[in-house]
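Reading through the structure tokens given below for one structure.
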Amino acid sequence: MRILVSGASIAGPVLAYWLTRHGFSVTVVERAPTPRKTGGHAVDLFRPAMNISEKMGVLPRIEERATGTNRMTVHQESARRPVRVDLSKIFSAASDRHVEVMRDDLSEIYYDAARGDVEYIFDDSITAISPDGEVRFEKAAPHRFDLVVGADGLHSNVRRLVFGDESRFSAFTGAYLGVLTLPNISALDGELLMHVGVGRTVGMYGARHLGDARALFLFRSERELDYHHHDVPRQKELLRGAFGGMHPDVDDWLDELDRTPAFYFDSITQLRMDTWSRGRVTLVGDAGYCPGPAVGGSTSLAVVGAYVLAGELARAGGDHERAFPAYERAMAQHVRGSCAAALSAAKTLIPTSRLGVRGLAQGARLISALPAGPSRALLRLTAKSARLYNSMTVDDYLPLPTASRGRDRLAGDPGGGLGVG
Ligand SMILES: Cc1cc2nc3c(=O)[nH]c(=O)nc-3n(C[C@H](O)[C@H](O)[C@H](O)COP(=O)(O)OP(=O)(O)OC[C@H]3O[C@@H](n4cnc5c(N)ncnc54)[C@H](O)[C@@H]3O)c2cc1C
């Protein structure tokens, strides 16, 4: 059985790994010309995603690449003294298994885990999928697949081709985010430096092994802003407008907007779909159920979703008419919980009042000042996402000992692969 996956970031490579372990033949098509290595932004793996990574044998590599951020300094707008917080205590209180890692490091590790068994095609994209599985590409020749999975992120191409325009499924949460790569001008080592004001929060962090740093900007806007997603100068202008004059540190970071090698700007949008599957096509990760970038644990959700989808396909012997509904049932509660937790996290992270600004700084300080037991209890009471990730249960989908690896099957398949990868 031949499965095509679109997208090689987090959900795509994890799905490809597990599908090959269950004996399916997998091709992954990725729009970027090579696996991304620039770092991206920091993402979180919570307990269920850590467990899945452990089963894949990649956990030691992930832990080796952890960002190592363990302290946070919070400057509240119009408060004189910053608050210092022990982040490692917050992380351990939030989840008994957690690691923060740069997204592109994680992506590379998952890609390496199955690259020998999967056909990877970079620098290409799907242009059409017919109901019988005939797929057309921008560059490669058309090819027939039994199933197609969109793992191509919040602005998924597969979702657009099969379900229609993104605007039908996206819900604006009232906030925007921007990320820029900049020199580590604040000389951060294991520290997150934050500035928080009413309706705006910005944090700068590095990672142990990265020479540079990232500044993550989050701000509220009641109305959707007027800009085109390709109009980078306008996006930078919007960021300057939202954060200019907040603090001399922040002005220094904004100055880097003219020089940054990597810049990202988007609305914080949640996807709301009744179903992620149609015919032979389904969606996984942010493509199907993004709870909102930077405010939910969507990386963990993507890893769990990929593992569950592969497992349900194996359980159903490749029968997608049984597997896709079972996958959706298994993920529905996790997705609902993540969406609710993301909205609540956005409220805390981008406070709407001065009380909220104080609450964020003082709450973090209180939790970090308490011994591990009470701080964990307090966080469980206050943080939806901590409760959610600690209680997420995932079935064990162990591959049958007879399941062969995908690449072997591909070689013996008279139809062959696309001949690339
Ligand atoms: C600024 C920012 C901060 C974030 N912070 C956090 C955090 O702190 N914690 C957390 O857990 N999560 C965070 N996230 C979210 C996290 O990055 C995503 O949830 C995670 O990467 C989802 O993985 P994915 O594989 O589903 O999608 P993505 O990582 O978005 O990957 C999609 C892949 O599909 C490819 N693609 C796109 N279009 C096509 C096409 N037409 N054809 C082929 N390939 C295509 C892309 O190049 C990419 O490789 C953040 C996101 C952003 C943007």
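Results for (1) more than 12 Å from the ligand (Cβ to nearest atom); (2) modelled with pLDDT of 95 or more; (3) in a helix (DSSP H, G or I); (4) under 12 Å from Ala330 (Cβ atoms), shown as yes or no for each residue.
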residue: Pro293; (1), (2), (3), (4): no, no, no, no
residue: Gly296; (1), (2), (3), (4): no, no, no, no
residue: Val303; (1), (2), (3), (4): no, yes, yes, no
residue: Gly317; (1), (2), (3), (4): yes, yes, no, no
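Tell me the residue from His98, His143 that is modelled with pLDDT under 95 and either in contact with an Asp or Glu (Cβ under 9 Å, 6 or more places away or on another chain) or within 12 Å of the ligand (Cβ to nearest atom) (or both), please.
Residue meeting the stated conditions: His98.
Report, by residue number, each residue of region 155-202 that is outside any strand (DSSP E or B), over 29 Å from Ala361 (Cβ atoms), of a type in the set (Gly, Ala, Ser) and in contact (Cβ under 8 Å) with a residue 24 or more places away in the chain.
The answer is Ser156, and nothing else.
If you check Ala316 against the conditions, is it free of Cβ contacts under 8 Å to residues at least 24 places away in the same chain and either polar (S, T, N, Q) or in contact with a helix residue (DSSP H, G or I) (Cβ under 6 Å, 6 or more places away or on another chain) (or both)?
yes
With (1) away from the ligand (no atom under 14 Å from the Cβ); (2) part of a loop (DSSP other than H, G, I, E, B) as the list, and Gly241 as the residue in question, which single condition is left unmet?
Failed condition: (2).
Could you tell me how many of the residues in region 53-75 are within 16 Å of the ligand (Cβ to nearest atom) and more than 12 Å from Leu106 (Cβ to Cβ)?
4
When only residues in region 12-41 that are touching a Leu at 6+ places or on another chain (Cβ under 9 Å), within 12 Å of the ligand (Cβ to nearest atom) and of a type in the set (A, V, I, L, M) count, which is nearest to Gly305 (Cα to Cα)?
Leu15
Using beta carbons and a limit of 7 Å, which pairs, at least six apart or on different chains, have the first residue in region 335-355 and among the basic types (Lys, Arg) and the second one at pLDDT 90 or above?
Final answer for the pair search is Arg354/Val198.
When the residues of region 262-288 are narrowed to those that are within 13 Å of the ligand (Cβ to nearest atom), in a strand (DSSP E or B) and not hydroxyl-bearing (Ser, Thr, Tyr), which ends up surrounded by the most Cβ atoms within 10 Å (Cβ to Cβ)?
Among residues in region 262-288 that are within 13 Å of the ligand (Cβ to nearest atom), in a strand (DSSP E or B) and not hydroxyl-bearing (Ser, Thr, Tyr), the one surrounded by the most Cβ atoms within 10 Å (Cβ to Cβ) is Leu283.
Name the residues in region 349-371 that are part of a helix (DSSP H, G or I) and at pLDDT below 85, would you?
Of everything in region 349-371, those that are part of a helix (DSSP H, G or I) and at pLDDT below 85 turn out to be Gly359, Leu360, Ala361, Gln362, Gly363, Ala364, Arg365, Leu366, Ile367, Ser368, Ala369.
Can you spot a residue in region 7-29 that is hydroxyl-bearing (Ser, Thr, Tyr), within 16 Å of Leu283 (Cβ to Cβ), in a loop (DSSP other than H, G, I, E, B) and in contact (Cβ under 8 Å) with a residue 40 or more places away in the chain?
The answer is yes, given that some residue of region 7-29 is hydroxyl-bearing (Ser, Thr, Tyr), within 16 Å of Leu283 (Cβ to Cβ), in a loop (DSSP other than H, G, I, E, B) and in contact (Cβ under 8 Å) with a residue 40 or more places away in the chain.
So, Ala66, is that one without any contact (Cβ under 8 Å) to a residue 60 or more places away in the chain, touching an Asp or Glu at 6+ places or on another chain (Cβ under 9 Å) and not hydroxyl-bearing (Ser, Thr, Tyr) or not?
no
How many residues are surrounded by fewer than 16 Cβ atoms within 10 Å (Cβ to Cβ) and over 20 Å from the mean Cα position of the chain (by Cα) if we restrict to region 97-121?
Qualifying residue count, region 97-121: 1.
The values are calculated or read from the model by the stated rules, or taken from the named source; none is laboratory data. All values derive from a computational prediction rather than experimental measurement. Virtual Cβ from ideal backbone geometry, glycine too; neighbours counted across all protein chains shown.
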